[in-house]
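S.K.: Take this structure first; my questions come after.
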């Protein structure tokens, strides 16, 4: 394990992500992870084992490879120079975060709706959600964008910071592989129902604590924005489990209460209607607008900042124990 070595490591990585995001001219480790998953899937499927077992071995192997490579890179950097190790640590954690890219993707949906119309917005939102967007109306498009912002606050910010605080950059990279596996093979369709089952469950376990911590991050962040922190805590407790995912409902319920909108409800995945419970159903008649997406992005950034201070505190405690 490489616990966070200096107090400024997490803030530096966070600010890099917030100010720079994911520049196209730098090869991104998440792309390498995706390529590794794509190339390794077929050999593991050929194993003469039950599909669930081969899929489980596949998931464990992918995460182990990423953790081992990240650990080796950190070890080499530490051997060469302590300052180099700190720079590498900052860069790895930066690559694990996606605050700016999440905000950018969501705002592109509302901008497309405003300037290009409903069809353009459907295309944009289809790039960031797994559901069928071809029949979504304006409200459905904006709701999908806001739900993505809420859910990915955990995947893209809180969880990477949480794992970085516990085990440094290698843990943050291992978490991103867990999350990438879930996004690529963790589907409940014919192809991945069994092969991707372990990947999906591992992702659920990894996000269990961060998803619940997100409620408090959103509540604290909302104090200066919407003053609805009490409603957020109440909504998360009441509706946090109104989701097919064991984790996604908590940040969604928090955002829904803060923004006074409803989330959830029926959605189409792979041509089939999936019935979902409503989250914050008391706001069912409240309208969505482009400003709703903008408010969600603002709340997400402030919630991310709150989670940063929480992660810095956790990292300090981990160093004290070590």
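S.K.: Please tell me if residue 85 is crowded, with 16+ Cβ neighbours inside 10 Å and either over 21 Å from the mean Cα position of the chain (by Cα) or in contact (Cβ under 8 Å) with a residue 12 or more places away in the chain (or both).
M.R.: Yes.
S.K.: Right, next: Between 23, 29, which is modelled with pLDDT under 95 and under 20 Å from residue 199 (Cα atoms)?
M.R.: Going through 23, 29 in turn, the sole match is 29.
S.K.: Just to confirm my filter: which helices (runs of 4 or more DSSP H) fall fully inside segment 1-85 and include at least 2 residues that are over 24 Å from residue 203 (Cα atoms)?
M.R.: On the way: elements: 9-19, 29-45, 51-80.
Fully inside segment 1-85 and qualifying: 9-19, 51-80.
S.K.: Right, next: Would you confirm, using the coordinates I've provided, whether residue 179 is outside any helix (DSSP H, G or I), closer than 20 Å to residue 37 by Cα and either touching a residue at least 40 places away in the same chain (Cβ under 8 Å) or within 14 Å of the chain's Cα centre (by Cα) (or both)?
M.R.: Taking the combined requirement at face value, the residue does not satisfy it.
S.K.: With the requirement that a residue be outside any helix (DSSP H, G or I), farther than 14 Å from residue 60 by Cβ and either in contact (Cβ under 8 Å) with a residue 24 or more places away in the chain or in contact with a helix residue (DSSP H, G or I) (Cβ under 8 Å, 6 or more places away or on another chain) (or both), what does segment 189-216 give you?
M.R.: 189, 192, 194
S.K.: Next question. Scan segment 51-67 residue by residue and report those that are free of Cβ contacts under 8 Å to residues at least 24 places away in the same chain and within 9 Å of residue 195 (Cα to Cα).
M.R.: 53
S.K.: Can you tell me how many residues within segment 273-288 are touching a residue at least 60 places away in the same chain (Cβ under 8 Å) and surrounded by 15 or more Cβ atoms within 10 Å (Cβ to Cβ)?
M.R.: Within segment 273-288, residues that are touching a residue at least 60 places away in the same chain (Cβ under 8 Å) and surrounded by 15 or more Cβ atoms within 10 Å (Cβ to Cβ) number 1.
S.K.: Separate question: State which residue pairs qualify: first residue within 25 Å of residue 185 (Cα to Cα) and inside segment 127-142, second residue in a loop (DSSP other than H, G, I, E, B) and at pLDDT below 90 in any location, beta carbons under 8 Å apart, and separation of 6 or more residues or different chains.
M.R.: 130/187; 132/270; 132/271; 141/133
S.K.: Kindly check whether there is at least one residue in segment 153-167 that is within 24 Å of residue 302 (Cα to Cα), touching a residue at least 12 places away in the same chain (Cβ under 8 Å) and not in a helix (DSSP H, G or I). Break it down stepwise before answering.
M.R.: Taking segment 153-167 as the starting set, the residues that turn out to be within 24 Å of residue 302 (Cα to Cα) are 153-166.
Among the residues that remain, those that are also touching a residue at least 12 places away in the same chain (Cβ under 8 Å) are: 153-166.
Those left that are additionally not in a helix (DSSP H, G or I): none.
Scanning segment 153-167 turns up no residue that is within 24 Å of residue 302 (Cα to Cα), touching a residue at least 12 places away in the same chain (Cβ under 8 Å) and not in a helix (DSSP H, G or I).
The values are calculated or read from the model by the stated rules, or taken from the named source; none is laboratory data. As the structure is a prediction and not an experimental result, all values here were calculated from the model. With ideal geometry, Cβ positions are generated from the backbone for all residues, glycine too; neighbour counts draw on all protein chains shown.
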